[in-house]
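See structure below.
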Amino acid sequence: MRKFLLLMACLLMLNGCTMISAGIQPRLDQACAEALSHPLSSANNRKQYYSYYLEPSVGRMASTETGNEFLMGSDRFVMNLDVAAIINEKYYPEQEIIHGYAIRGSVIAQSEGTMTCADGSEKPYSVVIEKSGENECLIHVSAGYMSFEGFATEATAPAVAAEMLKISRSVTVESQEVLAAFTTMEGIDYVGTPVELFEDKAPENGSIEELLVDYDGQPRVTPDSEEGSEEPAEEGEENNE
């Protein structure tokens, strides 16, 4: 009996080591696939600028107008509304939005693609998991209009990243509310007014000032032209002093 229990303990230890040391990339791929195919539920959290669905297994620790802090098991992560992406899409649609992360450790798993959101639109997503410490990972997720950051262990990082994707798919953003609150841009109608700066003629004394005209189209008066425009004194006029 004692040998049997010892054998079972060894098997459990080996099994646990195998799970932790197994490649994290295949587990992330599977977790993301499940999150992207997960049925969408109606939003149960509504804020001024967006609404989203949160699973009962995920707790909300703190909240602001544009951000939230969540707790999943013992792993914490934050979600922020990407206001810049909404503004760029409205006013600069031709510019490509590039999301960058300050990678401090080594990337051990990543995934990217497109996802179907609650409003039926297709949005790009990107997941990056990097090694940040002993059995600790830093998770970066950019999905649609939301960005996520969080810490987790190597064993739980894929599941946390998948939960981030599930939340982002359920998000519905009030774009007009965001634009009204975070921009002051207004449409401007420009009316072109032609202004003639030079007269189309050859200068008489070789001076460029002769070609300049005022905004009313009349030749500009220059010191040379003023001197040349003086009338000569009448003949016979004498100084009577």
Completion exercise
The set of residues whose placed amide H lies less than 5 Å from the amide H of Ile108, leaving out same-chain residues fewer than 5 positions away, is Ile129, Glu130, Lys131
Completion exercise
Residue by residue through the stretch 109-125, the couplings from Karplus 6.51 cos²θ - 1.76 cosθ + 1.60 with θ = phi - 60°, in Hz, x for Gly and Pro, are 6, 7, 7, 8, x, 10, 9, 9, 9, 5, 8, x, 7, 9, 10, x, 9
Fill in the blank from the handout: Any residue on another chain or 5+ positions along whose placed amide H is under 5 Å from the amide H of Leu54 is listed here as Asn44, Asn45
Exercise for the section: Over all directions, average the projected area of the Cα convex hull of the stretch 116-172 and note it in nm². Expected result: 3.4
Handout entry: Amide H contacts of Thr66 (H built 1.01 Å from N, under 5 Å, at least 5 apart or other chain)
Key = none
Fill in the blank from the handout: Sorted on mean Cβ neighbours within 10 Å (highest first), peptides 55-63, 78-86 come out as 78-86, 55-63
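Computed from the coordinates by the stated procedures, all read-outs in this text should not be read as laboratory data. Here the structure is a predicted model, which is why all the values come from computation and not from measurement. Glycine gets a Cβ as well: all are built from the backbone with ideal geometry, and neighbour counts include every protein chain shown.
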